[in-house]
Amino acid sequence: MRGKVFLIGFEQGEVEKIRKALKGFDVYEIPEYCRDWVLQEIIEKADKLEGSGDWHVKRFFLMHEIGNDDVKNIIKKIRAMKIGRMIFASTTPTSLTWKLDDLIKEWIKEDNYFQEMQASRFYLDIKLGKG
């Protein structure tokens, strides 16, 4: 099975650039009407989804059934495109059972936590003379 990439919050031009860059993967946008759907349902109906995924103020880049090496290469390639800040995530057995809206809240919470950790590390490096 081919890995799948799901996008939320990207403008149409950005979606097309991502599709061109990730030719070996299926790239889908998740429209807003899927907010109350369980993630597994979204993945199963990916080919039938209609509409733009450009409905959230944040960008989400979700990978499904993509191996670790490919995940690393994809993230590197997408970051090099300089599209802007986004939250990367991969599906897990647990996340597949969650509603999309709940996952988005969780991804934002996790992203905020990691940003705070990075800021703390940067502050400590400066304070301790490492920066």
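The values are calculated or read from the model by the stated rules, or taken from the named source; none is laboratory data. What you see is a predicted model; the values in this text were computed from it and never measured. Because the Cβ atoms are built from the backbone with ideal geometry, glycine has one as well, and the counts that use them run over all protein chains shown.
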Have a look at Q12, Q40 and point out the one that is surrounded by 12 or more Cβ atoms within 10 Å (Cβ to Cβ) and of a type in the set (S, T, N, Q). Q40
Which residue pairs have Cβ atoms under 8 Å apart, sit 6 or more places apart or on different chains, and have a first residue in the stretch 65-87 that is over 21 Å from K109 (Cα atoms) and a second that is polar (S, T, N, Q)? E65/T91; I66/S90; V71/S90
Tally the residues that are surrounded by fewer than 18 Cβ atoms within 10 Å (Cβ to Cβ) and either of a type in the set (D, E, K, R) or within 13 Å of the chain's Cα centre (by Cα) (or both), restricting the search to the stretch 16-29. 6
Just name the residue that is modelled with the lowest pLDDT out of those in the stretch 110-131 that are surrounded by 11 or more Cβ atoms within 10 Å (Cβ to Cβ), under 22 Å from F88 (Cα atoms) and of a type in the set (D, E, K, R). R121
Could you look through the stretch 83-95, keep only residues that are within 19 Å of P31 (Cβ to Cβ) and aliphatic (A, V, I, L, M), and pick out the one that is surrounded by the fewest Cβ atoms within 10 Å (Cβ to Cβ)? I87
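Quick one: how many residues across the stretch 1-52 are assigned to a strand (DSSP E or B) and hydrophobic (A, V, I, L, M, F, W, C)?
Here is the first cut: in the stretch 1-52, the residues assigned to a strand (DSSP E or B) are 4-8, 26-29, 38.
Adding the requirement that they be hydrophobic (A, V, I, L, M, F, W, C) leaves 5-8, 27, 38.
So the count comes out to 6.
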Subset of the stretch 88-114 (residues that are of a type in the set (F, W, Y), in a helix (DSSP H, G or I) and touching a residue at least 24 places away in the same chain (Cβ under 8 Å)): W107
